[in-house]
There are 2 protein chains.
Amino acid sequence: MENLFFKQVSVIGVGFLGSSFAVAIRKRGLCNTIYGFSRDPKNLEKAKLRGIIDNYSLDIREICEGSDLIVLATPVGVFLQIINEIKGVAKNNCIITDVGSIKGRLVYEIESVMPEKVFYIGSHPIAGGEKSGADNAKADLFNKALCIITPTENSNPEALSILTNLWKSLGSKVELMNPYKHDEVYALVSHLPHLTAYALVNLVSDINEDFIRFAGQGFKDTTRIAMSPPEIWRDISALNKENLIKFIGILKDNLSKMEGLLIENNFVSLENEFRRSQRLREKLK
Amino acid sequence: MENLFFKQVSVIGVGFLGSSFAVAIRKRGLCNTIYGFSRDPKNLEKAKLRGIIDNYSLDIREICEGSDLIVLATPVGVFLQIINEIKGVAKNNCIITDVGSIKGRLVYEIESVMPEKVFYIGSHPIAGGEKSGADNAKADLFNKALCIITPTENSNPEALSILTNLWKSLGSKVELMNPYKHDEVYALVSHLPHLTAYALVNLVSDINEDFIRFAGQGFKDTTRIAMSPPEIWRDISALNKENLIKFIGILKDNLSKMEGLLIENNFVSLENEFRRSQRLREKLK
């Protein structure tokens, strides 16, 4: 891991993840200057005041010109639009990555519009949760966290090596994964659980909103991610809809199975379902 | 709250909740002697060694005879059987309560077999979670936690007053609730979320168990309660099956609604569903 250093880094989107990335690479001494872009000047001003970014502009092309590393940290729904705006100014050997929860076809779509000497490879740090805003920026957010990198058969090996070392330098445990497999896995272990958490809370409001105050820690934990920003999860849902539709179907089948066991008074089999789940969940402890 | 003191207390079941109750009342100086009962002599020996109980017997009648307060802290499925075993030895003015998650018809069934001068009123402290065993006993478990007490039209007012003061002395915020309403509310904010957590983990194992290692904090929180003891949740599910069947149906409807919005590419409405959920969940923060 020799010589990992970026003279100029551009962070597109200075919310919780983008800001945390900025403070993390600065803390590890991996860069000289960090530029920030956001649609909201107030966020940029705040990020600059807090020393998260060195400077900003409301012109995204100005921000990206001459950077060695560009990190997309906006909602995934606008990645392609951003890429199309900046691809003309990205310098040769610039590495572009992102911190979004969607890969799959999007990765290939971004690749297909890349200039020859600009290298896009997707990243998905498994960190963040329901927090938002530069105020919460955490330099250690990625330390000891998993980071999925999703190269394709077209990825530049040197860029992949630099990106892998970058995340490792932030303390992340890097796993390489095919972009489509990524979206299947994360539909299962993240996207569907988000939709389910939203649905569980909505069920309470369907019956009686006031009942929410009787909830204990179990409900709080189970539905914590229902506090996640709706616009982010709208984009993720839209871009992973095929996997989500498939897994919602299977989840409904699993719920129907439990419903059937309740109706038949087959509590031995119901307990076995619980036990199968408990056993796997214990592995994550 | 004058003069709240129990000379002899019997705790039936010395798991996490029963043991925590024992150490809590002792810490607050609310009792003289605590007797424990369990089907497992090893648990009793451990609880005695740790000073959680003063003494034990494998004869539940011996444990309950002469007690001023008897607390059932076993799985709810055996409450009625225990009540039938001990009702003959309970002394006059003895108060019997429990710490179980099911009330409803069970409360009336227990009431119906009570001797005239023995008073059963149900309690449900909203505390505990997936922990188990006397090793984890926490004297402050009930402090600042909600405790639902479920008196009926038959409940003795003085016994209700004593029981209310007991939980308040442990720091709990007491709410009185009709037993049937209790089971509806807790199907919604606790029992169904448990079944859903079990189902989400089982969905991962249906697809590929190995994917579990890619899960982040969101999945961990959402499915933490899938580590809860299966036998306890079997009993709870069995005794609250009507409410669970009703709410599983509505949860499936809510999931189908999201599925439909994904199929129609109606992401504006999907975001509105998320937003409605986020807004209610924020109230619990």
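Overview of values
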item: Average other protein chain Cβ within 10 Å of Cβ, residues A:205-211; result: 5
item: Lys/Arg +1, Asp/Glu -1 at C-beta; segment A:35-182 dipole; positive extreme among A:ALA137, A:ILE95, A:TYR56; result: A:ALA137
item: Mean separation of Cα contacts under 8 Å, 6 or more apart, over the residue count of segment B:1-123: relative contact order %; result: 24 percent
item: Per-residue mean of C-beta atoms belonging to partner chains within 10 Å, peptide A:121-128; result: 2
item: Kirkwood-type radius of chain A, with distances r between different C-alpha atoms, in Å; result: 20.5 Å
item: For B:VAL268, label point 7 Å along C-beta direction: distances to other copies, nm; result: 5.5
item: Computed E for B:SER161/B:TYR108 - FRET, C-beta separation, R0 22 angstrom, nearest 0.05; result: 0.55
item: Local electrostatic count at B:ILE82 - Lys and Arg +1, Asp and Glu -1, tallied over other residues with Cβ under 11 Å; result: +1
item: Segment A:140-222: GluC sites (Glu not before Pro) falling in loop per DSSP and having at most 11 other Cβ within 10 Å; result: A:GLU153
item: Proximal lysines to A:LYS173, defined as alpha-carbon separation beneath 26 angstrom and excluding residues fewer than eight positions away on the same chain; result: A:LYS7, A:LYS27, A:LYS103, A:LYS131, A:LYS138, A:LYS144, A:LYS181, A:LYS283, A:LYS285, B:LYS220
item: Estimated distance in nm for a label pair at B:VAL268 and A:GLU45, the labels positioned 7 Å out from Cα along Cα-to-Cβ; result: 3.2 nm
item: For A:179-188, mean number of other protein chain Cβ atoms within 10 Å; result: 3
item: Sorted peptide list for A:266-278, A:192-204, criterion being average Cβ within 10 angstrom, highest first; result: A:192-204, A:266-278
item: Position B:SER161, label points 7 Å along Cα→Cβ, spacing to each other copy in nm (shortest first, one decimal); result: 8.2
item: Net charge contributed by nearby residues that have their C-beta within less than 15 Å of A:ASN154 (K/R +1, D/E -1); result: -2
item: Shape of the protein assembly as shown, Cα gyration tensor, a/c cut at 1.5; result: prolate
item: About the Cα centre, charge dipole magnitude for chain A (Lys/Arg +1, Asp/Glu -1 at Cβ), debye; result: 800 debye
item: Residue among B:LEU58, B:LEU261, B:LEU146 with the largest mean-square fluctuation in a Gaussian network model of chain B, springs linking Cα atoms under 10 Å; result: B:LEU261
item: Cα gyration tensor, segment A:181-282 - rounded (a/c under 1.5), prolate or oblate; result: oblate
item: Other-chain or far-sequence residues with amide H under 5 Å of B:ILE70's (modelled H); result: B:SER10, B:ILE95, B:ILE96, B:THR97
item: Those residues of segment A:204-244 whose amide nitrogen sits under 14 Å from the label point placed on B:GLU175, 7 Å along Cα→Cβ; result: A:204-205, A:208-220
item: Label 7 Å beyond Cα on the Cβ vector: B:ARG213 copy-to-copy distances, nm; result: 4.7
item: DSSP-defined antiparallel bridges as percent of all bridges, the protein assembly as shown, nearest 5; result: 15 percent
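Rule-based calculations on the coordinates, nothing more; no lab input. Just so it is clear, the structure is predicted and the values come from calculations on it, not from any experiment. A quick note on method: Cβ atoms are made from the backbone with ideal geometry, for glycine too, and the neighbour counts reach across all protein chains shown.
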